[in-house]
């Protein structure tokens, strides 16, 4: 089970990375208007 | 230049000297695309005025160019696909970089280059597509709202993803026997949980800590206090257990309980925020209009169009027919017929003589008049009524106060209990002491008060919103559920505000069709409610009559009296009051309904009987209310005959007529002193203080904008039956709230002793709290279904 010595810290790093990416997505305004995606099917193009 | 007048334009003749609105040429490509419902002929030049533009536009330097970002409201949208049409209309304009419409709140955010295009051009393009752009009231608070929305979402996400990962780390401990996991790996798992609990503590729990800190400074115990203490103690204890496993703080870690706890509470906050945002957006629609333009006299005597914001006391302005007076002022030169429905809720035109004052916001009905402005902005009577209503509305009871009163002592007890049990158990077993104390803190769910009640109210608010009833204050549900008495205003509430043609009496030899055609033709330029009724009747083929075309050569309106015209070449006609038409002997006995007479050179020709029409569902609504055990009242400022007539038609229990606004207020106060809870349904701004004073208030969607903005419920469709459904919904809501509170009490009564006695491990406490939250929210969500 030595692989866990690598995997557990790696998972921590990955989650922190996910948090950073979410921060970027949030600040760039992608999540300001979530309902818009649902309305996309109603548009002509 | 006028904004669109309400009188229908007829090609055959023109009334008055107003310029015709601009006719915009339609682009050929646009005629194929789906269009909006409005015919937009407004003059948007006022949107280019820098003072006006500041209200809804921000400027920024992007790539060395000065760009503008505007937030406007789109009027006329009836579905989400309309957003597409509006965006298309704008995207093809030169100078527009980005245009996005948020369908749920009808907000347009557009980035444009001021060097290439103008705000008025944007509005005109959207106007061609069939929608109207209006500057959004307090548009720049949009940036604030977006910032808040981002913060809430951020906290939820951080708590959520850390919770999931920490649970994965904690899972092995749940399913294995103690000792199965090698200590190294166990240590690693705990270390990893510690690292991922840090973001939750730092980012997601901020609101609890600041709330608890605030309460602490005021010397109170609030709902955030045990939450914050629980989080801190849990974290500190778990950290110590992680880094110093053999120390005095024990061996247990509770990272999973900690993160789950925070996540659930954040989830509740997020839902609350979204619902609030949506309701706020829908209400913005009510308060927005194009900024007013009016003609101000320059020093050389000429008039120039100028934005209302630029007016000063002492200016002389010319107010056209159909415009509202921009400020309180004194009439000079001419009499005016004004519509003060804004204040009184009743559209009966009032005549003001030269030298009398007119009130800001009331409409000028007859020809253009000149007014010297006395008071503007905050000093106008209109603004004073607004501030009066705003003050009155903060006097209402709040559920939060009640919750705090209960929560405070309860939470202090819990904290005390945690400390006591901690000390007690310390003497017995160090490890368990901390576990017990933490369990006590976590298991007492603040959910009942902090989540359950708002969740139930929000679910009900959402359900009502889907039916067209906007809820402005959640506490109104509690008030409405206890209401015994419902008071209705008469005009505009139980009746439509418009007059309707009911009967035509004609002289021998004349036909109803001819007479109606003549009446309608004469009345078509006038804004008097009686005229509008005649025009509507003639256009809709009243009584199944087919009307012959009429050629009207010229019309003059005499303020408050009537219209005189030349018809079909040379016949003179008079339409108006009995004295104006010279009708005396033929005048039928004065009844309650307003009458308009038509006379020609030979004398009396016809009389049109008009009346206020009852709303279609008024009778049903009142019957349903009586069946629900509610007493109904009618409060009206109108004559006793009119009030009693409507009362008997509709079936209310009590009638009060001829009441001034102060008397209406007194009547409500009297009822309240007798111990009754009163709900008021109204529509005029003068009803404003009355609406604020009642325990629950309804404004109809056709009401004066100010009444709408200050009442608890806004019925957008104008259906009185919605009052009944709102009442039903409020009662169910309170039932659910009481169920939730009962559950919370029972749950706490059982689990806290268990925790104190040491029978509850922290993971069970966390689980119990989670189940309790879910149960409470699930129960609240039942209200979403249409009852």
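What follows draws every value from the coordinates through simple rules; no lab data is involved. What you are looking at is a predicted structure, and each value in this text was computed from that prediction instead of being measured. Cβ coordinates were reconstructed from backbone atoms using ideal geometry, including for glycine residues, and neighbour counts include every protein chain displayed.
Rounded, prolate or oblate: pick one for chain A, where a ≥ b ≥ c are the square roots of the eigenvalues of its C-alpha gyration tensor, a/c under 1.5 means rounded, and failing that, prolate if a/b is larger than b/c, else oblate. Write out the running numbers ahead of the final one.
On the way: a/c = 6.33, a/b = 2.79, b/c = 2.26.
Cα axes put chain A in the prolate bin.
Find the centroid of the Cα atoms in the stretch B:532-576 and in the stretch B:72-96, then give the distance between the two in whole Å.
Each part's Cα centre sits 40 Å from the other's.
Label residue B:333 and residue B:63 with points 7 Å out from Cα along Cα→Cβ: what is the distance between them in nm?
Going by the 7 Å Cα→Cβ label model, 5.2 nm.
If r is the Cβ-Cβ distance from residue B:663 to residue B:217 and R0 is 51 Å, what FRET efficiency results, to the nearest 0.05? If you can, show how the numbers build up before the last one.
Numbers: r = 47 Å, r/R0 = 0.91.
With R0 = 51 Å, the Cβ-Cβ based efficiency is 0.65.
To the nearest 0.05, how large is the calculated FRET efficiency for residue B:676 and residue B:738 if R₀ is 25 Å and r is the Cβ-Cβ distance? Mind showing how you got there, number by number?
Values: r = 22 Å, r/R0 = 0.86.
Computed FRET efficiency for residue B:676 and residue B:738 comes out at 0.70.
Within 10 Å of each residue's Cβ, count the other Cβ atoms and sort B:194, B:254, B:426 from fewest upward.
B:426, B:194, B:254
Which value results when the Cα radius of gyration for the stretch B:29-139 is divided by 2.2 N^0.38 Å?
Dividing the Cα radius of gyration by 2.2 N^0.38 Å gives 1.00.
Which part of the stretch B:187-202 falls in the paramagnetic zone of residue A:5, meaning amide N under 19 Å from the point 7 Å along Cα-to-beta-carbon?
Answer for the stretch B:187-202: B:187-193.
What's the extension gain from residue B:757 to residue B:416 if we count 0.36 nm per residue and subtract their Cα-Cα distance?
So the extension gain works out to 121.3 nm.
When a footprinting reagent is the concern and you count Cβ atoms within 10 Å, what order do B:294, B:162, B:91 take, fewest first?
B:91, B:294, B:162
Over all residues in A:10-16, what is the mean tally of Cβ atoms on other chains that come within 10 Å of each residue's Cβ?
The per-residue average across the peptide is 5.
What is the calculated FRET efficiency for residue A:24 to residue B:579, with r their C-beta to C-beta distance and R₀ = 56 Å, to the nearest 0.05? Working shown, then result.
Working: r = 77 Å, r/R0 = 1.37.
With a Förster radius of 56 Å, E is 0.15.
Roughly how compact is the stretch B:106-224, stated as its Cα Rg over 2.2 N^0.38 Å to two decimals? Before the final figure, lay out the partial values.
Values: Rg = 25.3 Å, N = 119, 2.2 N^0.38 = 13.5 Å.
Cα-based Rg divided by the globular estimate yields 1.87.
Taking Cα centroids, how far is the stretch B:496-528 from the stretch B:629-646 in Å?
The distance from the Cα centre of the stretch B:496-528 to that of the stretch B:629-646 comes to 29 Å.
With a 10 Å Cβ neighbour count serving as the proxy for reagent exposure, in which order, fewest first, do B:478, A:37 appear?
Exposure proxy ranking, most exposed first: A:37, B:478.
Once you have a ≥ b ≥ c as the square roots of the Cα gyration tensor eigenvalues for the stretch B:490-557, tell me rounded if a/c is under 1.5, and otherwise prolate or oblate according to whether a/b is larger than b/c. Walk me through the intermediate numbers first.
Values: a/c = 2.20, a/b = 1.40, b/c = 1.58.
Oblate, since a/c reaches 1.5 and b/c is not below a/b.
Per residue of A:1-9, count partner chain C-beta atoms within 10 Å of its C-beta, then hand back the mean as an integer.
Values: counts 4, 2, 0, 5, 3, 0, 2, 7, 4.
That average works out to 3.
Just counting partner chain Cβ atoms within 10 Å, what average do the residues of peptide A:29-42 show around their Cβ?
For peptide A:29-42, the averaged partner shielding equals 5.
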